[in-house]
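Visitor: I'd like to ask some things about the structure below.
The values are calculated or read from the model by the stated rules, or taken from the named source; none is laboratory data. Just so it is clear, the model here is predicted, and its values are computed rather than measured. Because the Cβ atoms are built from the backbone with ideal geometry, glycine has one as well, and the counts that use them run over all protein chains shown. SASA here: full protein model, heavy atoms, side chains in, ligands and nucleic acids out. Shrake-Rupley method; radii C 1.70, N 1.55, O 1.52, S 1.80 Å.
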Amino acid sequence: MEWQWRSYVYVSLACLFRKEPDEEILAALSEEQQLSCLFEDLKSLLPVAVELEADIAAHTHESDAYQAQLREDFNRLFIGPGPLLAPPWESVHRSRERLLFGEHTLAVRDFYHSFGLKAAKQEQEPEDHIALELEFAGWLCQQAANAESPEQAGVFIDGHREFLVRHMFEWVPAFCGAVSRSSETAFYRKLAILTMLWLDYEKEAVHIE
């Protein structure tokens, strides 16, 4: 159950970084309080999840304008046009040249391949996008949850730890800091804080020094 829950967390965060939330996603967060349910036992994360959901609920009667604000903020941060305020790719944060499809992208690609996976848009979309890395971490957790033996689960648990150490812990804190500083909406500021706090929890929970 623990690894299944971890998978849900990673997939939920990935969904919110992949594209700006539509009406259905906002309703799930606000009315069904999905994030609060996920983090109800984590004292450090629950208040942030509640604040994010409360921000959505406060804009219920102006949902079109609110979605437009989120779309504009999402584009400013992650898409463009113009210089991106929070580039969502590992290679940009870790390479001196701040380029896409660099050595770190290829390292992430190789890590996916080592588990038999390939990004659907490998040649058009860098594999080290924050959403893809979160999805992969969630997939590893799901495989650990579904494993038929402790030995099989251990392969995916070890892979999860290694991916966090070699990749996500090396750049996601800087990325979340950029989002938090540059966002013009509470939604993305809270999402960045929530993601950073989750990785802090993971560092301790999976015994990573």
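Visitor: Among the residues of region 73-83, which ones are open to solvent by 30 Å² or more (accessible area, probe 1.4 Å) and under 20 Å from the mean Cα position of the chain (by Cα)?
Guide: ASN75, ARG76, ILE79
Visitor: Is it the case that LEU191 is buried (at least 22 other Cβ atoms within 10 Å of the Cβ) and either modelled with pLDDT of 95 or more or on the phi > 0 side of the Ramachandran plot (or both)?
Guide: Details: buried (at least 22 other Cβ atoms within 10 Å of the Cβ): yes; either modelled with pLDDT of 95 or more or on the phi > 0 side of the Ramachandran plot (or both): yes.
In short, yes.
Visitor: Pick out, from region 1-53, the helices (runs of 4 or more DSSP H) lying fully within it that include 2 or more residues that are open to solvent by 60 Å² or more (accessible area, probe 1.4 Å) and in contact (Cβ under 8 Å) with a residue 60 or more places away in the chain.
Guide: In region 1-53, the matching helices (runs of 4 or more DSSP H) lie at 2-18.
Visitor: Tell me the residue from ALA58, ALA86 that is among the aliphatic types (A, V, I, L, M) and surrounded by 16 or more Cβ atoms within 10 Å (Cβ to Cβ), please.
Guide: ALA86
Visitor: For region 54-77, what are the residues that are free of Cβ contacts under 8 Å to residues at least 60 places away in the same chain and under 18 Å from ALA14 (Cα atoms)?
Guide: Selection gives ARG71, ASN75.
Visitor: Going by what's in this entry, would SER44 be described as modelled with pLDDT of 95 or more and among the hydroxyl-bearing types (Ser, Thr, Tyr)?
Guide: It is false that SER44 is modelled with pLDDT of 95 or more and among the hydroxyl-bearing types (Ser, Thr, Tyr).
Visitor: ASP128 - would you say it is over 23 Å from VAL50 (Cβ atoms) and in contact with an Asp or Glu (Cβ under 6 Å, 6 or more places away or on another chain)?
Guide: Judged against the criteria, ASP128 is a match.
Visitor: On to the next question. Restricting attention to region 145-176, which residues are among the aliphatic types (A, V, I, L, M) and open to solvent by less than 10 Å² (accessible area, probe 1.4 Å)? I'd like the intermediate steps shown before the answer.
Guide: Kept after step one, since they are among the aliphatic types (A, V, I, L, M), are these residues of region 145-176: 145, 147, 153, 155, 157, 164-165, 168, 172, 174.
Across region 145-176, the qualifying residues are LEU164, MET168, VAL172.
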